[in-house]
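Reading through the structure tokens given below for one structure.
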Amino acid sequence: MTNNRSFWDHILLQPSYGYLRGQDLYIPSLSELLREFLTHINVIKDRRNWLPFWSWLIFFCCMSYLIFYFPTTFRWYDLPVIIFYPMFILNIHSTIYLHRYCSHKAFQFSHPIWVILFKMLVPKIVIEESFAISHYVHHQYPDQPGDPYNPKAGWWYCFLADANHQSIARDLSEDDYTKLVKLINHAQLYVNSYAQYKRWGSLSHPLIIIVETITSWALTSLCFYLLVGPQVTMAILAGISTWAFTIRTFNYKSHGSGIDKRDFSKDTDQTSNSLNQKLPGMVAGEWHSNHHVYPRSARNGFKKGELDLSFKVIQLLHKIGIIKNFNDSMDDYKKRFGGDGAYI
């Protein structure tokens, strides 16, 4: 095992049930998953559980809003807004900012101020640290033991993953912690010192994340209210809340729900069960099998019919100077793959 692979092995906090039994993936029972979940959101027992606690507090607030909204305020003609905002705006923003920028550095902003402004364009639901660091590990071990949201372990395994499997380890050496900081410091985050990390168990400081979260929700809600009025604002917030649920199972679905469903006339990756699915591809450019072949490419749609709206936005931001440069793997794709998408 190389030193690099050893680094990926231990940067995440391993669940109490582990990843293996012998040489095989261990699939925990639902009761084991729920016990792990309750342990990891317990801030009274350990303040270092603050990040999964905060993520799930946001989630439960979203679900509480849905419980209130649909029986009391929902109007059928608000349904297009409820569907459109999360399906296009939130998915495209998440794909560009969290996925292609924070995790893969597929492009560079021309100035740090654009990073800060861009991430505040939508209400904060997903914390950068929780997504980006575990996503690095996911790409090291896709669909294998150690993948923090391994679909082969089931729907609940993925749904609860940010609490159970995505926190960073709490016993990192100072050298390893410094390596983690370098993986994410391009996202213009306030990053804990090593001493603060030992206290809080995270790269991010809780006060900063809490202020950012509340500010993003307040500013975007105020903008919605001023632009479209209270009723449509409530419909948009309902759409945001539904997205908070569906985003937790994206990787489960995009990797075949734990089953190898690949069709090599359209799915390019041979190292995992990732799929080029039409709906996430068309609404956000999330051609996931292509992405696993070219994780650092700002473009994920390569063939005719693979519309990539996220890449179109990146190109537009580049033209107006907000993005300085980006990676585009189209030329390499043409060399490696035939016109029908099959390996040649």
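Taking neighbour Cβ counts within 10 Å as the exposure measure, how do Phe74, Phe159, Phe60 sort from fewest upward?
Working: Phe74 14, Phe159 17, Phe60 11.
Arranged by neighbour count, lowest to highest, Phe74, Phe159, Phe60 become Phe60, Phe74, Phe159.
Can you give the net charge of the other residues whose Cβ lies under 9 Å from the Cβ of Gly201, counting K and R as +1 and D and E as -1? Present the calculation step by step, with values, prior to reporting the outcome.
Values: positive: Arg47, Arg48, Arg170, Lys198, Arg199; negative: Asp46.
Every neighbour counted, the sum reads +4.
Dipole check for the chain: with +1 at the C-beta of Lys and Arg, -1 at the C-beta of Asp and Glu, and the Cα centre as origin, the magnitude is about 480 Debye.
At what distance in angstrom do the alpha carbon centres of the stretch 319-335 and the stretch 184-235 lie from each other? One Cα centre to the other: 29 Å.
Between Ser272, Trp54, Ile96, whose Cα lies farthest towards the positive end of the dipole of the chain when Lys and Arg beta carbons carry +1 and Asp and Glu beta carbons carry -1, centred on the Cα centre? In the chain, that residue is Ile96. Each of (1) 49, 29, 22; (2) 32, 23, 20; (3) 28, 27, 22 is a candidate for semi-axes √(5λ) of the Cα gyration tensor in Å; the one calculated from this structure is (3).
Which residue, Arg100, Arg296, Arg75, tops the fluctuation ranking in a GNM of the chain built on C-alpha contacts under 10 Å? Residue with maximal mean-square fluctuation among Arg100, Arg296, Arg75: Arg75.
Based on the Cβ-Cβ distance of Lys198 and Cys223, what FRET efficiency does E = 1/(1 + (r/R0)^6) give at R0 = 30 Å, to the nearest 0.05? Don't skip to the end; give the middle numbers.
Values: r = 39 Å, r/R0 = 1.29.
Computed FRET efficiency for Lys198 and Cys223: 0.20.
The relative contact order of the chain comes to 23 percent, based on Cα pairs under 8 Å that sit 6 or more residues apart.
When Met120, Met87 are arranged by Cβ crowding within 10 Å, least crowded first, meaning fewest neighbours, the order is Met120, Met87. Taking amide H as placed 1.01 Å from N in the peptide plane, Ile168 has its amide H under 5 Å from the amide H of Leu13, each at least 5 places away in sequence or on another chain. Roughly how many whole Å is it from the C-alpha centroid of the stretch 247-293 to that of the stretch 25-65? Cα centroid to Cα centroid, the span is 27 Å. Taking the Cα-to-Cβ direction at Phe245 and at Leu121 and moving 7 Å from each Cα, how far apart do the two end points lie in nm? Using points 7 Å along Cα→Cβ, the separation is 2.7 nm. When the alpha carbon gyration tensor of the stretch 212-344 is reduced to an equivalent ellipsoid, its three semi-axes come out at 33, 20, 12 angstrom, largest first. Computed over the chain, the per-residue total of -39500 (n - 2.57) for DSSP H runs of n ≥ 4 gives a 222 nm mean residue ellipticity of -15000 deg cm²/dmol, rounded to 500. A DSSP coil position with no more than 15 other Cβ atoms inside 10 Å describes the following chymotrypsin sites (Phe, Trp or Tyr not before Pro) in the stretch 257-344: Phe264. Helices of the chain meeting both criteria, an alpha-carbon length of 24 angstrom or more along the long axis and an average Kyte-Doolittle score not below 1.0, with helices taken as full DSSP H segments, are 50-72, 206-246.
Every read-out reported here was derived from the displayed coordinates using simple, explicitly stated rules and does not represent laboratory data. A quick note: this is a predicted structure, and the numbers were derived from the prediction, not measured. When we count neighbours, we look across all protein chains shown, and the Cβ atoms used for this are built from the backbone with ideal geometry, even at glycine.
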